[in-house]
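Just so you know, all these numbers are worked out from the coordinates, no wet-lab data involved. What you see is a predicted model; the values in this text were computed from it and never measured. When we count neighbours, we look across all protein chains shown, and the Cβ atoms used for this are built from the backbone with ideal geometry, even at glycine.
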Amino acid sequence: MANALVRELSSVAAVHEIIGLANYRMGNWRPAAAALERSQNLRPEPSTLPVLMDCLRALGRHREVASVWNELKSMSPAHEIMAEGRIVAAGSLADSGDLGGAIALMEPATTRPKRVRDHHLRQWYVLADLHDRAGDVIAARRWFERILSHDDDFVDVRSRLRQLGR
């Protein structure tokens, strides 16, 4: 339906955003990225930038991921949006073989929040996974255990800890 709407409402950012998000959900990275970029050009919206970054990451366009990450940071979005962008940017660095850079990028997520929310748990999970991939089992265990102390059913934390020898 949105594809039909875009013919009549090509200057409406929300139409391109819907097309981009629908394609993203279906794993159609190239059309998703194109639609989300068009939406951003019409109306900059920080909440869709992490999704655009993830599309670019899936396409192997790591320099563009870094560029969109810088754009997102300059917008000073809500903590949840910033966390999602950080996760994707770190994943892109890791995909490029820079595990140390990915871990360093996740550094802001290491501070203890007053109230732990889902985006904190997701960032800690990424940190744990990156440390595991880098061969730092002690740090990986520490992050997985922190997650477990707040949510004992989060993703596959229990099995990851078992794999690490806990």
>> What's the ranking of 13-19, 95-101, 109-115 by average number of surrounding C-beta atoms within 10 Å, highest first?
In response: 13-19, 95-101, 109-115
>> Only Cα pairs within less than 10 Å get springs; with that Gaussian network setup on the chain, which residue of Leu42, Leu130, Leu105 has the largest fluctuation?
In response: Leu42
